[in-house]
Amino acid sequence: MNWDLIFFVNSVLLGVGLAMDAFSVSIANALSEPEMKKRRMCFIAGIYAFFQFAMPMIGWVCVHTIVEIFSKFESFVPWIALILLLYIGGKMIWEAVRGKDEGPSGNVVRLTFSTLLIQGVATSIDALSVGFTIADYGLLMAFTASIIIAAVTFAICMAGLLIGKKTGDKLGSKATLIGGIILVGIGIEIFIKGMFF
């Protein structure tokens, strides 16, 4: 592979494709926290971007070192994403439903750092397989492609957070419930895509 326009276009397109799950989760997060500040939005988008950078690099390293182990692990990827997103989404749905009984103060669910880390892993774990796609790249090219993927993810997640924030203000107390349903739906979609396609 050469350092040409095709390399950069491919990297951007990979970034867009990989960021779609993180985009949806960003919308769901902003729905559940409509008063989110810009700094926090950058932090959340940065976490997703970091994982979208790290996973292809881990995949690349696996291809160049421990291919057999990684190929066995790949069959578990859809299960891991499903379990993580079902857990987070289910928790949001539970808190939204329970919050209705407790009054309006119970409706805002603050995302913890550990929740964001779990979401980052769950939405980027499929990017491990990108290591196979970029296996013929040298280390510097793989690193550059991963940086481009991370930058694209950051931009797309910021857009998702802005969309969710604006929509969340209008939805009020239903926002957390909708956000949880979205996360559960994403988990099921990743699982079906990974197992059957």
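Here are a few things to note about the model shown:
- Nearest 10 degrees, 0 to 90: helix 38-65 Cα axis against the chain principal axis: 30 degrees
- On full extension, the segment bounded by Leu139 and Ile6 gains 46.1 nm, given 0.36 nm per residue less the C-alpha separation.
- Of all lysines in the structure, those lying under 24 Å Cα to Cα from Lys37, and not within fewer than 8 positions of it along the same chain, are Lys91, Lys165, Lys166, Lys170, Lys174.
- Taken along its principal axes, the alpha carbon cloud of the stretch 128-197 reaches lengths of 50, 30, 12 Å, longest axis first.
- Acute angle (nearest 10 degrees) that the helix 5-32 long axis makes with the longest principal axis of the chain, alpha-carbon atoms: 20 degrees
- For the chain, averaging the sequence separation of C-alpha pairs within contact (under 8 Å, six or more residues apart) and dividing by the residue count gives a relative contact order of 49 percent.
- Contour minus Cα-Cα distance for Leu162 and Lys193 (0.36 nm per residue): 8.4 nm
- Theoretical FRET efficiency, 1/(1+(r/R0)^6), r = Cβ-Cβ of Ile118 and His64, R0 30 Å, to 0.05: 0.60
- Solvent-accessible area of the chain (1.4 angstrom probe, protein heavy atoms only): carbon and sulfur portion equals 72 percent.
- Helix axis angle, 174-196 relative to the chain longest principal axis, alpha carbon, degrees: 30 degrees
- Debye intensity ratio I(q)/I(0), log10, the chain, q values 0.19 Å⁻¹ (C-alpha model): -1.23
- Per-residue SASA entry for Trp60, accessible area with 1.4 Å probe, Å² rounded to 10: 30 Å²
The values are calculated or read from the model by the stated rules, or taken from the named source; none is laboratory data. All figures in this text were calculated on a predicted structure; none of them were measured in a lab. Neighbour counts run over all protein chains shown; Cβ positions are idealised from the backbone, glycine included. What goes into the accessible areas is simple: the full protein's heavy atoms, side chains included, and nothing from ligands, DNA or RNA. Shrake-Rupley method; radii C 1.70, N 1.55, O 1.52, S 1.80 Å.
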